[in-house]
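Just so you know, all these numbers are worked out from the coordinates, no wet-lab data involved. A quick note: this is a predicted structure, and the numbers were derived from the prediction, not measured. Positions of Cβ are backbone-derived with ideal geometry, glycine not excepted, and every protein chain shown enters the neighbour counts.
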Amino acid sequence: MIFLKTEEEIELLRASNELVGMTLGELAKIIRPGITTKELDRVAEAFIRDHGAIPTFKGFPNPYGEPFPASICASVNDEVVHGIPNDRVLEEGDIVSIDCGTKLNGYCGDSCYTFAVGEVKPETMQLLKTTKQALYKGIEQAAPGKRIGDIGYAVQTLCEAEGFSVIREFVGHGIGREMHEEPMVPNYGRRGNGQMLKVGMCIAIEPMIVAGQRNIRMLPDKWTVCTADHQMAAHYEHTIALTKRGADILSTFKYVEEVLGAQAI
Ligand code: MG
Ligand code: MG
């Protein structure tokens, strides 16, 4: 069932997503060669709790019923999603996707940004730029009267034209009191297909795009999803509300971009 949100609920979602954006901004300040993903997790969790929210990812169960042990997902290089923060030290040329979720006053925030660690190869930068651009292309399609398939079509068309591949097994989603609500929002699709978009729908759009083939493998930790061919993976995500005028982006990259300045992707 799709829950349409009232304007009051949309403001509650905006507040939670603003906090996610601020948390990503805090991490932008410290992401550099030499830091561990565990340290990023520690900083994020403290920041979220200091602002009266809870990190929704912590304790979230996988299909085996095992709880996610951290507050952010930190997926490095060929890791696509759900990387568990650990003692891995980030190195010059790495990329790290930080997916962050909060619950504030009962409403969820969810957003992801892939950071370049120091200087990265031009082809990696192209993957990041294209994935971020695809996110906004998808968001442009999120208007009343359009359909879910229009979002996926826009994301897929742009990424495949650049020679990249779209992950199929993981998709965007409705969001509200629960982090994952209906409908599913794939990053591939056909124009005019799928669920009709309506005013009041709140969804997370989150292209997961890889440089090589779209085949994935799961690490033995039963969380971390990697590309089978070890090529790089990027992931950008915004939570949006559908209004009469189109998409209202509730999450924000402004705090990240303030920190990164001219280095922003
Ligand atoms: Mg997310
Ligand atoms: Mg999400």
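Structure shown: which of 38/58; 129/222; 146/222 lie over 25 Å apart, alpha-carbon to alpha-carbon?
Numbers: 38/58 13 Å; 129/222 29 Å; 146/222 36 Å.
In this structure, 129/222; 146/222 lie more than 25 Å apart at Cα.
Computed from label points 7 Å out along Cα-Cβ, the spacing between residue 213 and residue 123 is 1.6 nm. Where is the GNM fluctuation largest for the chain (alpha-carbon springs, 10 angstrom cutoff): 205, 72, 48? Evaluated over the chain, the most mobile residue of the options is 48. Both the radius of gyration and Dmax for segment 166-226 are 13.7, 42 Å, in that order, over alpha-carbon atoms. Each Lys or Arg adds one and each Asp or Glu takes one away; over the other residues whose Cβ falls under 12 Å from the Cβ of residue 54, this sums to +1.
Lys and Arg at +1, Asp and Glu at -1: add these up for the other residues within a Cβ distance under 12 Å of residue 110 and post the number. Let's see the in-between values first.
Details: positive: 103; negative: 99, 178, 181, 206, 237.
It works out to a net charge of -4.
Using C-alpha pairs under 8 Å with a sequence gap of at least 6, the mean separation divided by the residue count of segment 7-263 gives a relative contact order of 23 percent. For residue 115, the residues whose amide H sits under 5 Å from its own are 96, 97, 98, ignoring neighbours fewer than 5 places away on the same chain, with H placed 1.01 Å from N.
About the Cα centre of the chain, how large is the charge dipole given +1 on each Lys and Arg Cβ and -1 on each Asp and Glu Cβ? Please answer in debye to the nearest 20. Could you put the intermediate results ahead of the total?
Numbers: 27 positive and 36 negative charges, 140 e Å.
Here the chain has a charge dipole of around 680 debye.
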